Amino acid sequence: MATTFIMTAVLLGRTYGTSPSVATRFSLVAAGILALLSKETAAVLPVLLLIDAWIRKKSSRTLLVDVGVLLALMGTVGAVRLALRFGVTSPPHQRAIDPQRVVPEFWKPRVSLPYRCP
């Protein structure tokens, strides 16, 4: 579903002319939000829209404003999700791993064999 919404937003971005309608602008932002709600990797949508406009050499001011709105919304959602997951404060400092202790643990056999190999 995220791909469908991303492609819809890219196609809507291609319809931006000198003065796009309010419905087109609203549809672009709505498709971006729906794509982000479908899958978090849809956060690349503003970059895709900018690359598409740059390749076609048809970037309008309204497209750049709407891409900026999408970028701000997606950045805010990402920051809120990270804050909810890890908290606002920095994590406590952990001790460094002692390589003398880790390497022998790594090389221990995981399975004990019931017989001896000749």
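Exposure proxy ranking for Ile51, Ile33, based on other Cβ atoms within 10 angstrom of each Cβ and starting from the fewest, stands as Ile51, Ile33.
Counting other C-beta atoms within 10 Å, which of Thr18, Thr76 has the fewest, and how do the rest follow?
Ascending Cβ contact count within 10 Å gives the list Thr18, Thr76.
The convex hull built on the alpha-carbon positions of the stretch 2-86 has an orientation-averaged projected area of 5.2 nm². Between Thr76 and Arg61, the modelled labels are 2.4 nm apart [label points 7 Å from Cα along Cα→Cβ].
Readers should treat all values here as calculations from the given coordinates under stated rules, not as data from a laboratory. In this text the structure is predicted, and so the values were computed from the model without any measurement. Note: ideal-geometry Cβ built from the backbone for every residue, glycine included; neighbour counts use all protein chains shown.
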